[in-house]
Amino acid sequence: MMISKKKLIAAITAIIAVIAISYIYIDYLDYYFLHMLRLSIACFEQDLASYGVIVFLMQLTAWVLFAIFFYFSVINMIFPRIRGVNAMRTKNTFCRKILQIEGKDKDYAYLKVKFTFFPFFDWYTLKLPKPSKTITYRRMPQSIDIQSENIDLVYNDKEQCYEITDKPQGRIEDDDKYYKRIAAEAVKGIGEQIGTAIQGDSNMMKDYYTMNLVMDENRDPIPKKNLKRPPNDLEKEVGDDDR
């Protein structure tokens, strides 16, 4: 597979344009990216730590703002995300387009794509169906939305590449015997644990009452003279008067 000549020419032109712009605006780029950094270093050398920290944070803010601008205005425009949109308007991000290459099937477009940023040189081939009655493309412009009633990303074993298809995906029948066996084992285990817990409580209660009975049998009887009934109300009043 050969890289498209148009893409190659566009890439070379972009590189030359970047070099030319950098050469023309070299002073501005130096001021934006390095001037405050050098100034912060000078502040630290002059024992002005607080000023050095402030100037360094300003330089760091400039770097972050440029990175955000570069990501949304350059990276996402040149390397748009490939997204699938189905009939329910569900958007699934599949990958990011890197290059368009030539393929065997004329009804499909072939792309070099990346699913993750690292490893950096790990690119994959994507087979993309061209627009038709059932498939349409939308440039967002930071993404390319492929719209269809049924859309999914599958792996093509024959061509050893990924393929976006609009064919309905077959339903995989799952055997329920495995789940029934797992459920039966779980219910059995819970039942055994409950039975063991009930039996343990029953044995503990039986041991408790048996021990109390043995202690009562071994206890000496109380003499009759020490057995007294509790005084009634009248006896309590008489006892109080005697005091």
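The values are calculated or read from the model by the stated rules, or taken from the named source; none is laboratory data. Since the model is a prediction, treat every value here as computed from it, not as a measurement. Don't worry about glycine lacking a Cβ; one is built from the backbone with ideal geometry, like all the others, and counts go over all protein chains shown.
Scan segment 88-96 and give yes if some residue there is assigned by TED's automatic domain parsing to the domain that holds residue 129 and of a type in the set (Phe, Trp, Tyr), otherwise no.
First, pick out the residues of segment 88-96 that are assigned by TED's automatic domain parsing to the domain that holds residue 129: 88-96.
Still in the running and of a type in the set (Phe, Trp, Tyr): 94.
Checked against the condition, which is being assigned by TED's automatic domain parsing to the domain that holds residue 129 and of a type in the set (Phe, Trp, Tyr), segment 88-96 yields at least one hit.
Could you identify the single residue in 106, 127, 114 that is assigned by TED's automatic domain parsing to the domain that holds residue 90, over 26 Å from residue 87 (Cβ atoms) and surrounded by 12 or more Cβ atoms within 10 Å (Cβ to Cβ)? Outline the logic, then answer.
Values: 106 fails: surrounded by 12 or more Cβ atoms within 10 Å (Cβ to Cβ); 127 fails: over 26 Å from residue 87 (Cβ atoms).
The unique qualifying residue is 114.
Of all residues in segment 77-124, which are among the small types (Gly, Ala, Ser) and either closer than 15 Å to residue 135 by Cα or at pLDDT 90 or above (or both)? Don't jump to the end; show me each part of the working.
Let us first name the residues in segment 77-124 that are among the small types (Gly, Ala, Ser), namely 84, 87, 103, 109.
Residues satisfying the conditions are 84, 87, 109.
Can you tell me how many residues in segment 130-162 are surrounded by 10 or more Cβ atoms within 10 Å (Cβ to Cβ), farther than 15 Å from residue 80 by Cα, over 24 Å from the mean Cα position of the chain (by Cα) and without any contact (Cβ under 8 Å) to a residue 40 or more places away in the chain?
Qualifying residue count, segment 130-162: 7.
Starting from segment 23-34, take each residue that is in the same structural domain as residue 65 (by TED's automatic domain parsing) and list its partners that are modelled with pLDDT of 80 or more and of a type outside the set (D, E, K, R), counting only C-beta distances under 9 angstrom and pairs at least six apart or across chains.
32/62; 32/66; 33/59; 33/62; 33/63; 33/66; 34/59
For residue 99, are the conditions met, namely being within 24 Å of residue 150 (Cα to Cα), over 23 Å from the mean Cα position of the chain (by Cα) and in contact (Cβ under 8 Å) with a residue 40 or more places away in the chain? Step through it out loud before you land on a result.
Working: within 24 Å of residue 150 (Cα to Cα): no; over 23 Å from the mean Cα position of the chain (by Cα): yes; in contact (Cβ under 8 Å) with a residue 40 or more places away in the chain: yes.
Criteria not met by residue 99.
Listed here are the residues, each with its yes/no results for (1) modelled with pLDDT of 80 or more; (2) under 30 Å from residue 145 (Cβ atoms).
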position	(1), (2)
159	yes, yes
168	no, yes
182	yes, no
191	yes, no
194	yes, no
